[in-house]
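J.: Questions regarding the structure given below will be posed in turn.
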Amino acid sequence: MKDYRMIFTKTGMSKYISHLDLNRCMFRAIRRSGLPAWYTEGFHPHLYLMFPLALPLGVESLCEIMDFRLNEERPEKEILEKLNAELPEGIQALTIHEPKMQAQEIISAEYQLCFRSEMNLLPLWENFMQQPEIFIEKKTKKGMIQIDIHPLMNIKHMTSGNQKLCLTLQLPAGSTQNVNILTVAEKFQKCAFQAISIKNIRRTKIFSENFQEFF
Amino acid sequence: MLHEKLTAHLLEVQKPARYTGGEIGQVVKNPEKVDVRFAFCFPDIYDIGMSHLGMKILYSLINERENYWCERVFAPWTDMEEIMRKEGILLYALESGDEIRNFDFVGFTLQYEMSYTNILNMLDLAGIPIWQKERGERIFPLVVAGGPCACNPEPLAEFFDLFILGEGEEVNLELMDLYHRMRENGATRSEFLKKAAGIEGIYVPSLYEVTYHEDGTIENIMPHDGAPEKIRKRVIPEMNQAYYPEKVVIPFIEPVHDRISVEVLRGCIRGCRFCQAGFLYRPFREKSTETICKQGIRLCENSGYDELSLSSLSTSDHSQIETILDQLLNYTEKEHIHLSLPSLRIDNFSQSVLEKITTIRKSGLTFAPEAGTQRLRDVINKNITEEEVLRTCKIAFEGGYTMVKLYFMMGLPTETDEDIIGIAELAQKIVDLFYSMPGRAKGKLQISISTATFVPKPFTPFEFEPQAEKAEILRKQQLLKNAIQSKKIKTSMHISDVSQMEAVLARGDRRLCAVLAEAWKNGCRLDSWEECFQAEKWYDAFKTCHLDPAFYANRKRSYDEIMPWQHIDYLISKSFFIRENQKAHAGQVTPSCRQKCSGCGANQCLGRACF
């Protein structure tokens, strides 16, 4: 038995594949690939697949993670090629390697977020960020709670112009604290009281502690 | 590429992957290099259509031809329709994203009557005129249809250029070849249609004139321009040679049946008198064990699915079913694949077959006794006895099953209150059986009774019968509820307004085209979805068109009445249906085709006896 981690993209139309559907898609890709997949023991054996960090529907990514197991060790290149042959357009395995970190070590993720509008977006964004607090609603086991995301938003880069605004933004991610990039984008749309469309959102990096890229 | 207008809104709809295409297994070709483009339209949403086996077969069949390209089209759900209409997005095919109004063929599959308004809605969304006569003389797009409901295509006659009757594996390509040749020669639509009417299995409704008596019944159906008097359905005589795909499109979202199917046989030996499929798909033809196993394994390998279904009208009627199961189980168990047998008969449900399937999946067991008493089961020729039901349940309970689903119909010909109470009694006997068994399975017993209103269908011995009135069905539903004592028995009952519309459309004539168009204009679509069906709008449409639904649904036909489908030949003779109808009223059963040929006429296409 051997553990593997796949880093893959989810771009273009494949961003409309939901998390649950992605699971089935990967499951079938592994089965079609002919790789010796490992099945759980027990009465209803099933193929072991794990996604440490879910991606919201409609968000692209360059750094998705999937963990799986094979019954025996195979060259990483062979696995990569066999899986890529079975993956739909937009989903492409970038690397296959032995997992080095634990899923719980994920603490944040970086996103590229682009808005488009008829008007100049920069002042609208500045107004948005000048608010002392930015509350979003979040569903928890105890019901809806309000979270101030302002201190959680780490803006690393920003370009604007030509009715376009693009941000590189880091947000908490993982099992301890997670902020959905879509709710941030929608909050801005709502606060601006203007017709702003989300041009694209893309996850670019997943980090563990000390800004180490999750590997 | 998909419309930019569309992608801007995809996140506003439920399950956007319904509308994107891009699945593994889809066939994409260079439009510059194909001669004929076929939009295969399923008149319901993606989730339903992607489970349909016929589409998978015909999609691959057409795409095997290098210069033909078949793509998939489904009805949008209401949220998507709203966006399409608002943004002016025309209905497109999933593979190319191209608008289907520019395709050569726009082909619908007619699986159930309540999908008919979806056809009109899809044509309209595509920017294609719904009425055939308004499409002009340009040869494309040809709006065509096939599938089981094409056996009485009359309620759709004025919307379609032509109908394809029977099995499509050969005739679809013949039709496309003829089209390709004639289009190259600059033929017009009507020139093509006249020629196409000469292909066996092709029915061009505009070449027939229907006249009516004053009482609304049909006086005559007359062909003109050389169209044949009778149009005979197509049959693939040898199932082992029939085309079957090795690959299918694998949906991202979960369709209603998320599995791969191998068809094991066509037709049915049973002759249940209410069952249209049992007559439409005759004669009975099996695939060999070798073909079934080869196709099943190939499909599993190519798809990655972990469920393989052996599909047919009655899979346990395959003469080699145990060998097939043995051989397939050798493969499926090793590969972690569930083998499912969706249609088993109670009477030949042997201990060993049950053991074979229980090694794989232990869920519910579904039976369809259809009627509550032996008398009525004899009338409908559902040749199973109460003893068999109980014997099978006993085997099942011993095998660890605790959930039993029972399907019944209400409003069957000759049905009395006793027959309704019989449903409750049968369910109670199953409950009593369970608790009388010392070795019963652990777990909670759950019996669910599901009743549907009987819908008389064309090409069955009950095509002459009236459907029970709504008030009568409601009374019987209440009667059944009152007769159920045990809390272990749950009931669910079908809405009867839908059943009446189904009955109207199933045996309707051409005058219903106006009603359909009116109902659709009033906002009817997705009628098979409870949340979308609007009975009053349908009744309003009838009023506007001065037609009475009861004339179609609740009227008894005499044996010599000219039926709207009189000119359609599904190989089975009307005299056989009359004979069977008489036997039904006399409470006499007809043995299965394997026991004794009942002379229905279906074997004429084989040129030999079926068995």
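The values are calculated or read from the model by the stated rules, or taken from the named source; none is laboratory data. Being a predicted model, the structure only gives us computed values, none of them experimental. As a convention, Cβ positions derive from the backbone with ideal geometry for all residues, glycine included, and neighbour counts pool all protein chains shown. For the accessible areas, the whole protein counts, side chains as well, though only heavy atoms, and no ligand, DNA or RNA atoms are used. Shrake-Rupley method; radii C 1.70, N 1.55, O 1.52, S 1.80 Å.
J.: Return the residues of the range A:59-86 that are buried (at least 20 other Cβ atoms within 10 Å of the Cβ) and assigned to a loop (DSSP other than H, G, I, E, B); say none if nothing qualifies.
T.: A:V59, A:E86
J.: Here's another thing I want to ask about it. When you scan the range A:52-69, do you find a residue that is more than 24 Å from A:I17 (Cβ to Cβ) and either under 19 Å from the mean Cα position of the chain (by Cα) or not charged (D, E, K, R) (or both), even just one?
T.: No: the range A:52-69 contains no residue that is more than 24 Å from A:I17 (Cβ to Cβ) and either under 19 Å from the mean Cα position of the chain (by Cα) or not charged (D, E, K, R) (or both).
J.: Can you pull out the residues in the range B:526-565 that are free of Cβ contacts under 8 Å to residues at least 60 places away in the same chain, of a type in the set (K, R) and surrounded by fewer than 16 Cβ atoms within 10 Å (Cβ to Cβ)?
T.: The answer is B:K543, and nothing else.
J.: Would you list the helices (runs of 4 or more DSSP H) that sit entirely within the range B:514-611 and hold 3 or more residues that are within 26 Å of B:E229 (Cβ to Cβ) and in contact with a Ser or Thr (Cβ under 8 Å, 6 or more places away or on another chain)?
T.: Filter on the range B:514-611 gives B:574-585.
J.: Just to be sure, is B:L11 free of Cβ contacts under 8 Å to residues at least 40 places away in the same chain, within 14 Å of chain A (Cβ to nearest Cβ) and surrounded by fewer than 22 Cβ atoms within 10 Å (Cβ to Cβ)?
T.: Against the criterion (free of Cβ contacts under 8 Å to residues at least 40 places away in the same chain, within 14 Å of chain A (Cβ to nearest Cβ) and surrounded by fewer than 22 Cβ atoms within 10 Å (Cβ to Cβ)), B:L11 qualifies.
J.: Now for a different question. Would you confirm, using the coordinates I've provided, whether B:R85 is free of Cβ contacts under 8 Å to residues at least 12 places away in the same chain and more than 23 Å from B:K233 (Cα to Cα)?
T.: Working: free of Cβ contacts under 8 Å to residues at least 12 places away in the same chain: no; more than 23 Å from B:K233 (Cα to Cα): yes.
Against the criterion (free of Cβ contacts under 8 Å to residues at least 12 places away in the same chain and more than 23 Å from B:K233 (Cα to Cα)), B:R85 does not qualify.
J.: Pairs under 9 Å by beta carbon, first residue within 12 Å of B:V455 (Cα to Cα) and modelled with pLDDT of 95 or more in the range B:268-279, partner open to solvent by 20 Å² or more (accessible area, probe 1.4 Å) and in a helix (DSSP H, G or I), six or more apart or different chains?
T.: Pairs found: B:R273/B:K583; B:Q276/B:P148.
J.: What's the number of the condition A:A103 fails, among (1) more than 14 Å from chain B (Cβ to nearest Cβ); (2) surrounded by fewer than 18 Cβ atoms within 10 Å (Cβ to Cβ); (3) over 22 Å from A:N180 (Cβ atoms)?
T.: If we test A:A103 against (1) more than 14 Å from chain B (Cβ to nearest Cβ); (2) surrounded by fewer than 18 Cβ atoms within 10 Å (Cβ to Cβ); (3) over 22 Å from A:N180 (Cβ atoms), just (3) comes out false.
J.: Ok, one more. Here are the criteria: (1) without any contact (Cβ under 8 Å) to a residue 40 or more places away in the chain; (2) under 30 Å from B:G22 (Cβ atoms); (3) of a type in the set (S, T, Y). Tell me which single one A:T95 does not satisfy.
T.: Answer for A:T95: the failing condition is (1).
J.: Residue by residue through the range B:250-260, note down the ones that are more than 8 Å from every other protein chain (Cβ to nearest Cβ), farther than 14 Å from B:F74 by Cα and not charged (D, E, K, R).
T.: Of everything in the range B:250-260, those that are more than 8 Å from every other protein chain (Cβ to nearest Cβ), farther than 14 Å from B:F74 by Cα and not charged (D, E, K, R) turn out to be B:V256, B:H257, B:I260.
J.: Also, quick follow-up: Somewhere in the range A:42-55, is a residue open to solvent by 40 Å² or more (accessible area, probe 1.4 Å), assigned to a strand (DSSP E or B) and either among the basic types (K, R) or in contact (Cβ under 8 Å) with a residue 40 or more places away in the chain (or both)?
T.: Within the range A:42-55, one or more residues are open to solvent by 40 Å² or more (accessible area, probe 1.4 Å), assigned to a strand (DSSP E or B) and either among the basic types (K, R) or in contact (Cβ under 8 Å) with a residue 40 or more places away in the chain (or both).
J.: Another question, if that's okay. Give me a count of the residues in the range B:13-61 that are assigned to a loop (DSSP other than H, G, I, E, B) and closer than 16 Å to B:E71 by Cβ.
T.: Qualifying residue count for the region: 16.
J.: Across the range B:21-56, which residue is farthest from the other protein chains (Cβ to nearest Cβ) among those that are open to solvent by 10 Å² or more (accessible area, probe 1.4 Å) and among the β-branched types (V, I, T)?
T.: B:V34
J.: I've got another one for you. Determine if the range A:58-74 includes at least one residue that is hydroxyl-bearing (S, T, Y) and either in contact with a helix residue (DSSP H, G or I) (Cβ under 7 Å, 6 or more places away or on another chain) or within 14 Å of chain B (Cβ to nearest Cβ) (or both). Give the steps one after another, and end with the answer.
T.: First pass over the range A:58-74, keeping only residues hydroxyl-bearing (S, T, Y): A:61.
Retained after the next criterion (residues that are either in contact with a helix residue (DSSP H, G or I) (Cβ under 7 Å, 6 or more places away or on another chain) or within 14 Å of chain B (Cβ to nearest Cβ) (or both)): none.
No.
J.: Go through the range B:412-444 residue by residue and tally those that are of a type outside the set (D, E) and not in a helix (DSSP H, G or I).
T.: Residues flagged as of a type outside the set (D, E) and not in a helix (DSSP H, G or I) within the range B:412-444 amount to 12.
J.: Continuing with the same structure: Go through the range B:216-334 and tell me which strands (runs of 3 or more DSSP E), entirely inside it, have 1 or more residues that are not assigned by TED's automatic domain parsing to the domain that holds B:L53.
T.: Strands (runs of 3 or more DSSP E) meeting the threshold: B:260-263, B:307-311.
J.: Got at least one residue in the range B:595-607 being outside the structural domain of B:P223 (by TED's automatic domain parsing), open to solvent by less than 50 Å² (accessible area, probe 1.4 Å), modelled with pLDDT under 95 and among the hydrophobic types (A, V, I, L, M, F, W, C)?
T.: Yes, the conditions are met somewhere in the range B:595-607.
J.: Working only within the range A:145-169, note down all residues that are at positive phi and either outside any strand (DSSP E or B) or not assigned by TED's automatic domain parsing to the domain that holds A:I134 (or both). Before you say what the answer is, go through the steps one by one.
T.: Restricting attention to the range A:145-169, the residues satisfying the condition of being at positive phi are A:161-163.
Across the range A:145-169, the qualifying residues are A:N162, A:Q163.
J.: For the subset of the range B:351-388 comprising residues that are part of a loop (DSSP other than H, G, I, E, B) and of a type in the set (A, V, I, L, M, F, W, C), which member is modelled with the lowest pLDDT?
T.: Once the filter is applied, the top-ranked residue is B:I360.
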